[in-house]
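Heads up, the thing below is written out as structure tokens.
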Amino acid sequence: MSAPKPSTSVGKLNTGASIPLVGLGTYLSEDETGYKAVLHAIKVGYRHIDCAALYKNEDFVGRAIRDSGVPREELFVTTKVWNTQHREPAKALEESLSRLGLDYVDLFLMHWPQALRTERIIDGNMITVPKREDGKPDVDTEWNYIKTWHLMQDLPASGKTKAVGVSNFSVKQLEKLLADPGSKVVPACNQVEVHPLLPQIPLYDFCKKKNIMLAAYSPLGSQKAPLLDDPVILEITAKHKADPAQIIIGWDVKRGYVALPKSVTPSRIESNLQIVNLTDSELEKINEIHKKGEKRVVDPEWFDFEED
Ligand code: A2P
């Protein structure tokens, strides 16, 4: 048994840059609570913050980063281009930087492999899911994520992002992207839902082979997966005198990729960084959990995970 301690584990992106393996997720962190969460996280040792244009939180995430007093170069900041801006990722990046109040981000991700048309946006707010008359998302069928990638791969040259990557991509979609003759850059990262009830084994293996860093959103299964009460997790938790979340985040780090637990609760923000070093047999036991039935918790009605 090893005592939990703040994680300083870092991984390497295919650009050569370091990336802290535990970062703070901020989806649904709002306004003042969200600002305080980011500020607290940086104070207790987080050096990696994940946000997105869609989360509408870049303004307070950036404010907390600026107010933290920690030099910008010691922090790793990720944001994401929203689906309505696939045709103009350079502009989307500029807008994100302006909301963040930062000169650059460390990683800029394509949030979903789905481009949306903008013609039905009436209030000028691009950060939305425009719908067709039949209520379906207004998918841009004349565009695709490979074209988006070809625009995104040039962005690091501007210095406004250090690296580019994708999110919510399947193995098939990554294969298509990599096989395209116009693709000159391998995504640095693929951020997807990963937790013991959705271990993403084929994607994990594929990303490892292609040197694409996997990043886990909803690593605790959010509020919707019964992971924190799982008997296997609880048994290992008791052995380490830890907290179930520390065991689950420890599982991600032991597998060698980024985990992005979201919390606005100061004590949880703190304990989620104090992960446990699991043994190989504990890792194996957690690897078995999904066999009683996989569970995806993030499944937006406007997106089809089966599509390629
Ligand atoms: P809160 O933000 O109120 O602390 P995920 O990252 O898998 O999406 O999970 C986020 C959810 O899990 C949030 O509702 C968050 O609540 C809660 N959460 C975060 N850390 C812990 C923890 N250590 N123990 C229990 N629940 C947690």
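Quick note: the coordinates plus some simple rules give every number you see, no bench work behind them. Quick caveat, the model's predicted, so the values are computed rather than measured. We place every Cβ from the backbone using ideal geometry, glycine too, and count neighbours over all the protein chains shown.
Helix-only mean residue ellipticity at 222 nm, the chain, DSSP H runs n ≥ 4 weighted -39,500 (n - 2.57), per residue, nearest 500. What is it?
Working: 10 runs with 101 residues, N = 308.
Taken over the chain, the calculation gives -9500 deg cm²/dmol.
Give me the Kirkwood hydrodynamic radius of the chain in Å, from all C-alpha pairs, to one decimal place? Please report the intermediate quantities before stating the final value.
Details: mean 1/r = 0.0507 Å⁻¹.
For the chain, the Kirkwood estimate is 19.7 Å.
Give me a comma-separated list of calculated 3J(HN,Hα) values for region 120-128, in order, Karplus coefficients 6.51, -1.76, 1.60 applied at θ = phi - 60°, integers in Hz, x for any Gly or Pro.
Computed from phi, the couplings for region 120-128 are 8, 6, 9, 9, x, 7, 6, 8, 7 Hz.
How high is the relative contact order of region 1-98? Use alpha-carbon pairs under 8 Å, at least six apart in sequence, and give a whole percent. Numbers along the way, then the final one.
Details: 118 pairs, mean separation 22.7, N = 98.
Computed value for region 1-98: 23 percent relative contact order.
Packing-wise, with mean Cβ within 10 Å as the measure, how do 199-205, 252-258 rank, highest first?
Result, highest mean Cβ count within 10 Å first: 252-258, 199-205.
Read phi for every residue in region 164-170 and hand back ³J(HN,Hα) as whole Hz from Karplus 6.51 cos²θ - 1.76 cosθ + 1.60, θ = phi - 60°, with x for Gly and Pro.
Rounded to whole hertz, the list is 10, x, 10, 8, 6, 8, 8.
Among DSSP beta bridges lying fully in region 1-80, give the percent that are antiparallel, nearest 5. Numbers along the way, then the final one.
Numbers: 3 of 8 bridges.
Around 40 percent of the beta bridges assigned by DSSP in region 1-80 are antiparallel ones.
Can you quote the Å³ per residue value for the convex hull of the Cα atoms in region 42-112, rounded to an integer?
Taking only Cα atoms, region 42-112 has a hull volume of 76 Å³ per residue.
Quick one: check the C-alpha center-to-center distance for region 222-267 versus region 138-191, whole angstrom.
Centre-to-centre (Cα) distance: 31 Å.
Quick check: net charge around Asp138, other residues with Cβ under 9 Å of its Cβ, Lys/Arg +1 and Asp/Glu -1?
Residues near Asp138 contribute +3 overall.
What share of all Cα pairs of region 156-220, in percent, falls into each consecutive 10 Å distance bin?
20, 51, 24, 5
Semi-axes of the equivalent ellipsoid of region 1-144: what are they in whole Å, largest first, if each equals the square root of 5 times a C-alpha gyration tensor eigenvalue?
Output for region 1-144: semi-axes of 31, 17, 14 Å.
Can you give the net charge of the other residues whose Cβ lies under 15 Å from the Cβ of Asp205, counting K and R as +1 and D and E as -1? Mind showing how you got there, number by number?
Numbers: positive: Lys172, Lys208, Lys209, Lys210, Arg255; negative: Glu175.
My count for the surroundings of Asp205 gives +4.
Lysines near Lys160 by alpha-carbon distance under 18 Å, same-chain residues fewer than 8 away left out - which ones?
Straight-distance partners of Lys160: Lys80, Lys91.
For the ranges 47-54, 226-233, what's the packing order if you count other beta-carbon atoms within 10 Å of each residue, average per peptide, and put the highest first? Intermediate results must be reported in sequence, preceding the final value.
On the way: 47-54: 23.8, 226-233: 15.9.
Going from most to least packed, we get 47-54, 226-233.
What aspartates and glutamates sit close enough to Lys224 to cross-link, taking a C-alpha to C-alpha distance under 12 Å and skipping anything fewer than 8 places away on the same chain?
The qualifying aspartates and glutamates are Asp299.
Mind ordering 68-75, 237-244 by average Cβ neighbours within 10 Å, highest first?
237-244, 68-75
Give the percent of DSSP beta bridges with both residues in the chain that are antiparallel, rounded to the nearest 5.
25
Please give the net charge around Ser222, taking every other residue with its beta carbon less than 13 angstrom from that of Ser222, where Lys and Arg add +1 and Asp and Glu add -1.
Here the count lands on +2.
Using alpha-carbon pairs under 8 Å, 6+ residues apart, how would you state the relative contact order of region 96-218 in percent? Write out the running numbers ahead of the final one.
Working: 167 pairs, mean separation 29.7, N = 123.
Reported relative contact order: 24 percent.
Under 8 Å for C-alpha pairs, at least 6 residues apart: give me the relative contact order for the chain, rounded to a whole percent.
Averaging sequence separation for qualifying contacts and normalising by length gives 21 percent for the chain.
Skipping prolines and chain starts, which residues have an amide H placed within reach, meaning under 5 Å, of the one on Leu214, given they are 5 or more residues away or on another chain?
Distant-sequence amide H within range of Leu214: Asn190, Val258.
Let me understand region 184-305 better: what is its radius of gyration from the alpha carbons, and its Dmax, in angstrom?
Expressed in Å, the Cα Rg and Dmax of region 184-305 come to 14.4, 48.
Can you list the lysines whose alpha carbon sits under 20 Å from that of Lys208, skipping same-chain ones fewer than 8 residues off?
Lys12, Lys172, Lys176, Lys184, Lys254
Through the Karplus equation 6.51 cos²θ - 1.76 cosθ + 1.60, θ set to phi - 60°, convert the phi angles of region 260-274 into ³J(HN,Hα) values in whole Hz; use x for Gly and Pro.
Once θ is set to phi - 60°, the couplings for region 260-274 become 10, x, 9, 7, 10, 9, x, 5, 6, 4, 5, 5, 5, 8, 8 Hz.
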